[in-house]
Amino acid sequence: MTREDRQEWLECDVADLAPGSCRYIAHEARSVLLVRLADGALRAYDGLCSHALLPLDGARVRRGAIMCPHHGARFECGSGDALGPPASAGLTPLELKEDDGQGEGQVKVLIA
Ligand code: FES
């Protein structure tokens, strides 16, 4: 079994994910935060906030930053970098494929 055989990709619907917004998706024991940048580009991050490892369920994009709903940490949308306390580390980026045979408005995110 190769490393590629063990990879797990999560297919996500992003057709209605508007520029400047994000979506939290939970799948079994993993979670993903998908972010649509203002220019339409997509990013995927691990769904746990780097501050206290709480789920980013309910996160919002405000003024170009992802806002954690728990203690207000802010992260740069395009890189996931922490923009200040209480988070000292950025979000963990996940590999994302937009044109890999999935349907229109679907992406695949590497979750394992
Ligand atoms: S868990 Fe996100 S700011 Fe504390």
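Values in this text are rule-based calculations from the coordinates and carry no lab data. Please read all numbers here as calculations on a predicted model, not as lab measurements. Here the Cβ positions follow ideal geometry from the backbone for every residue, glycine too, while neighbour counts run over all protein chains shown.
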### Summary
Sole miss for residue 50 among (1) under 12 Å from the mean Cα position of the chain (by Cα); (2) within 19 Å of residue 88 (Cβ to Cβ) is condition (1)
### Task
With the condition kept exactly as written, say whether any residue in region 90-100 is within 11 Å of the ligand (Cβ to nearest atom) and not basic (Lys, Arg).
yes
